[in-house]
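The structure appears below as structure tokens.
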Amino acid sequence: MQIGCSAPTSGPLIEPDSLLRIATEAEELGFDYVTVSDHVMIPTSIASRYPYSDSGEFPSGAAAPRLEQLTTAAFIAAATRKLRIVTSVMVVPHRPAVLTAKILASIDFLSKGRLTLGIGAGWCEEEFIAIGTLPFAERGAVTDEFMAVCKELWTADNPEFNGKYVQFKDVLFPPKPPQGKIPIWVGGESGPALRRTAKYGDAWYPIGTNPQFPMDTLTRFKAGAAKLRGLTEKAGRDPAAVSLAYRVSSNPEAQPKGSVDGERKLFTGDAVDYAGDIKALRDVGVTAFDFGLFGADAEATVGNLRRFRDDVIAKVR
């Protein structure tokens, strides 16, 4: 079982010394990985619905300074030795496919195989327009084709591709990722996300708090995992080849202990509750968990990491 925490990519904690301290302390404290999030820019007016709040509004603080995700991943990789870096998640259509494949392969090469690629198709149409991506309405097809491009470039000796959005041949693409193929964790809880996971994902990587597709109780998560197994078999793959991961955006005591339809709401309450939820999800096959443990500053964040290690991780390992 792997346990990770979030590295800051926005707000005051992105100052180089703060970011460096949080990442290196996470490694020293025994966290297995850190996550880095992805927004290139935040439009000042957003009509698109944010999937992870009841209101559909993007959380406050959108105007905060932000780091680019893959640059941040490379910075963390250079400052650490054992810590894995997970993109959580990379909005695949935001960047050109071949360039993205090269950047990811380079990070994996320079980190000696420590990159995990969490992916999503994206939700904010206004950001797509501002960046100048392919059409927002085609983001699902774009995501799938861009991932096929990455796999071809990462694994083929003489890569070539003839798709709707990307075409190339007679090219070379060394160095390959040391892992052979960078693991792909597919974020999202919707039907398309599950089908994408079943088709080519190495792990399903949901957040429990999507109000449209909640995975916030053990029963709901089990139902989602069962649906994924069926879709994976239908896609002609062994369900055992697809792992289960789970992302939690908050830290212990951020939300009072709650219930849904008489069943415990996952990752609410204190550290004891969190440890119990990790054990319950581990028993149904989840092999990776990560948590947002930010404090007001770097010192407070490191304090949260230490308490989480002592009060939660120590109870589940």
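What follows is calculated from the coordinates using simple rules that are stated; it is not laboratory data. The structure displayed is predicted, hence computed values, not measured ones. With ideal geometry, Cβ positions are generated from the backbone for all residues, glycine too; neighbour counts draw on all protein chains shown.
Listing for the model above:
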read-out: Length released on extending from R282 to A64, taking residue separation times 0.36 nm less the Cα-Cα span; value: 74.9 nm
read-out: When each of K199/K257; K227/K265; K234/K315; K176/K315; K112/K257 is checked by Cα-Cα distance, pairs over 30 Å; value: K199/K257; K234/K315; K176/K315; K112/K257
read-out: For the chain, share of DSSP beta bridges that run antiparallel, in % to the nearest 5; value: 15 percent
read-out: Coarse-grained scattering of region 242-287 at q = 0.14, 0.24, 0.26, 0.32 Å⁻¹, given as base-10 log I(q)/I(0) from a Debye sum over alpha-carbon atoms; value: -0.33, -0.89, -1.00, -1.19
read-out: Cβ crowding within 10 Å averaged over residues, with 10-18, 168-176, 114-122, 64-72 ranked highest first; value: 114-122, 64-72, 10-18, 168-176
read-out: Relative pair counts by distance (%), Cα atoms of the chain, 20 Å bins; value: 32, 62, 6, 0
read-out: Relative contact order computed over region 190-300 (Cα-Cα under 8 Å; 6+ residues apart), in percent; value: 27 percent
read-out: Cα gyration tensor, region 138-179 - rounded (a/c under 1.5), prolate or oblate; value: oblate
read-out: Calculated FRET value between D54 and A141, using beta carbons and R₀ = 22 Å, to 0.05; value: 0.15
read-out: Tensor-based shape of region 146-225 (alpha-carbon gyration tensor, a/c under 1.5 rounded, otherwise prolate or oblate); value: prolate
read-out: Cubic angstrom per residue, convex hull over Cα atoms of region 22-68; value: 118 Å³
read-out: Shape box of region 37-130 [Cα atoms, principal axes, largest first, Å]; value: 41, 25, 21
read-out: Amide N of region 178-210 lying under 13 Å from the label point, which is placed 7 angstrom from the Cα of A254 along Cα→Cβ; value: 207-210
